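One structure below.
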Amino acid sequence: MVMGIVLGISLGAYAAWRLIGPGRQPQVVERAPSPGLPAVAPDFTLKTFDGRTLSLRNLRGKPVILNFWASWCGPCQLEARNLERAWEAFRSRGVVFVGVNVADHEEDAREFLKTFKVTYPNVRDPTQHVMTAYRVTAIPTTIFIARDGRIRRTYVGGFLGEKGYQRLSQWTEELAEGR
């Protein structure tokens, strides 16, 4: 099990380095939906950082933005404020943001949430079974799930800077309107 965790962290670090390595610009991949991923978002039930249980099936009927992240991930740190900003802008319209923390120490993840003042629900995926079900191969990855539970878009990379926020807002708006 320890080797699996070490391998997962190593692969995640390598993927992050490939996205933003020395002297590189972020490489962003958008696809809708991911190849090989079922059309309907895989259900999961995980614990939130405040001890509650969150199940995706209980969010059916609401648009969901599912963001996979880790505290040590540079692009995750850079997009954190944009995700929180979008959550604040769209929550009154019924859009739910859910952070899924992977390949991380719980105390580091808690510090990340505190540092970036993240208020939307966040869960831990310590076994990475949700990450695997969604075929996430790099973080950050964001999955856009429509009210009917269908995956509308997968975005690999961070929503960085004002342009990143505008892209996130546009896609969240489309999801909120059912497009």
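Rule-based calculations on the coordinates, nothing more; no lab input. All figures in this text were calculated on a predicted structure; none of them were measured in a lab. FYI the Cβ positions are ideal-geometry reconstructions off the backbone, even for glycines, and counts take in every protein chain you see.
Couple of notes before you dig in:
- Volume of the convex hull of the stretch 50-99 (Cα atoms only), normalised per residue: 91 Å³.
- Of the peptides 49-59, 113-123, 155-165, the order by per-residue mean of other Cβ atoms within 10 Å, starting with the highest, comes out as 155-165, 113-123, 49-59.
- Alpha-carbon centroids, the stretch 157-172 and the stretch 34-88: separation in whole Å: 16
- Reachable aspartates and glutamates, given that their alpha-carbon falls under 20 Å from the alpha-carbon of residue 114 and they are not under 8 places away in the same chain: 50, 79, 84, 88, 104, 106, 125
- Cut-off under 5 Å, modelled amide H: who pairs with residue 149 long-range: 61
- The HN-Hα couplings worked out from phi for the stretch 144-154 by the Karplus form 6.51 cos²θ - 1.76 cosθ + 1.60 (θ = phi - 60°) are 9, 10, 6, 4, 7, x, 8, 6, 9, 7, 10 Hz, whole numbers, x standing for Gly and Pro.
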